[in-house]
1. How large is the dipole of the chain about the Cα centre if only Lys and Arg carry +1 and Asp and Glu carry -1, each at its Cβ, rounded to the nearest 20 debye?
2. Enumerate by residue number the chymotrypsin sites (Phe, Trp or Tyr not before Pro) in the stretch 288-329 meeting two conditions: DSSP loop (anything except H, G, I, E, B), and at most 16 other Cβ atoms within 10 Å of the site's Cβ.
3. Of A128, F192, I313, which is farthest on the positive side of the dipole of the chain, counting Cα position, with +1 on Lys and Arg Cβ, -1 on Asp and Glu Cβ, and the Cα centre as origin?
4. Go through K98/K152; K55/K179; K222/K381; K55/K381 and tell me which ones have a Cα-Cα distance over 25 Å in this structure.
5. Find the accessible area per residue for the chain; the probe is 1.4 Å, ligands and nucleic acids are left out, and the unit is Å².
6. Antiparallel DSSP bridges in the chain: what percent, to the nearest 5?
7. Which whole-number percentage describes the relative contact order of the chain, with Cα contacts under 8 Å and a sequence gap of 6 or more?
8. Positive end of the dipole of the chain, charges at C-beta (+1 Lys, Arg; -1 Asp, Glu), about the Cα centre: which of L159, A64, F145 has its Cα farthest in that direction?
Amino acid sequence: MSETYDVVVVGAGPAGYVCAIRAAQLGLRTACVESGSYEGGLGGTCLNWGCIPAKALLESAALAHNLQHHGARMGVKPVEVEYDFPAAVKRSRMITRKLTAGVKYLLGKNKVDIVQGRGRLAGAGRVAVESDGETREIATRNVIFATGSVMKTFPGFELDGEKVIGSREALGLQELPAKMAIVGAGFVGVEFADVFNAFGVDVTLIEALDTLVPFEDPEIGKALERSFRKRGIRSLTNTRVRQLDREASPMVLTLVNPDGSETAEETDLVLMAVGRRPVTENLGLEKNGVAVEDGFIRIDGWCRTNQPGVYAIGDVAGQPMLAHVGSHEGIVAAEHIAGVAKHPMTYGNIPSVGYCHPEVASIGMSAAQAEEAGHEVVTGKYPLGAHGRALTAESADGFVKIVADAKYGEVLGVHMIGHNVSELVAEVGMARELEATLDELVRHAHAHPSMAEAVMEAAFAALGRSIHM
Ligand code: FAD
């Protein structure tokens, strides 16, 4: 064993690499262990097979869709739109490579040692790293698990990489099917529905719960379903998949409808998007008494596990499983170890975004949650149908709904669907950090024309002083 590290981070996704950089910035001797093979695994799921390549394809999809469906009306008449999905994939991989190289550079610049291999806790203050059949041990004062998550599936729908695929395969498809069934209409499912529909695939979304994006305000899911219908994306909600005949050509999917009856659907490809599960196996957790609850490593607000010197961050440490949550936890954990942490993690003000078109974004409480929390609630809703900036962008589907405390005017949450709402959510997040009120939101002269004005208009509506409605 060589010199003892202050911190060894296991996993170099957005949780792990951010944590390692922050720890090193604070003068802690830091190593980051990563087992992935693609581009060295740096950047984890997010950069390699998640957020970034998916958003790159969504931008290609938006271009394809706009040219095809809005181009002529907007004065740009395409001669003939030809789809080249492999080219879109190639571009997405180039962006991914650029960013993963950036992570390597940043780790190096901050003097974080990158250790290639699979890490596990070998005992108090010891991490064993296995690589190419050999194991070596690293001594460390603190271990931070940032091992992320992998796709879930269920019996009969196991991934085979050809007929039944997951998001990873979907991000690299070289040939598009005529018909695709997407199982699960969370953010990942609806984003892929958007991408493949724009590239000419006949897409059916199948969701067991009541609406698309079922963890959002129900009005959002319904509005998204309407927008998707206009684009030719079929949504089957309250519908479960029961079995798949992979031998048939095309394959036959048996669906259980809302009334319990069954329907057979033909499809060329099934894309599973039913969520992800944390990676906790072979990490030495049980042997070393690290508590796991509901499959996730259990942590407190400083990302400490129940064992001294052992932390966990990111997808492996619980919901919400989002890149920005992991990165934030990474900073909190590093600062806690360095003794400079000021604020523990709080999870009540985390933005949640789906980058399909129209985009979906929310933060804070729904009206029902606010009432349950004891607030007297006031809401304001502003539809985008006559909103100047939305109309100029040829994208007037959607609305902004704001939830506030009726007595004090404090902004409690916002729920939106529409053009570029992924960017609007930051304003409300910051307003909530500062405990801003509706009055303060409308006091700021929002740039005109901008989508951000829609947040101001929703606040005006909640105050009963709508201008543009
Ligand atoms: P990961 O990114 O999964 O990284 C974990 C790393 O640990 C991996 O590199 C893995 O190889 C490594 N590892 C695992 N075990 C070991 C071990 N024993 N030793 C060493 N290394 C190990 N989130 C968003 O916030 N916004 C989005 O737009 C978004 N889009 C997504 C789109 C798709 C298609 C998918 C699949 C996910 C998306 N996510 C998005 C979720 C996001 O990717 C994850 O929340 C995020 O990557 C979690 O970060 P992490 O660092 O915890 O884990």
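The values are calculated or read from the model by the stated rules, or taken from the named source; none is laboratory data. The structure presented is a predicted model; accordingly, all values stated were derived computationally and were not measured. Positions of Cβ are generated from backbone atoms using ideal geometry, with glycine treated the same way; all protein chains shown enter the neighbour counts. Quick note on the areas: whole protein, heavy atoms, side chains included, nothing else; ligands and nucleic acids left out. Shrake-Rupley method; radii C 1.70, N 1.55, O 1.52, S 1.80 Å.
1. Around 1020 debye, computed over the chain.
2. Of the chymotrypsin sites (Phe, Trp or Tyr not before Pro), the ones in loops of the stretch 288-329 whose Cβ has at most 16 other Cβ atoms within 10 Å are W302.
3. A128
4. Pairs exceeding 25 Å: K98/K152; K55/K381.
5. With all protein chains present, the chain gives 46 Å² per residue.
6. 65 percent
7. Reported relative contact order: 14 percent.
8. In the chain, that residue is F145.
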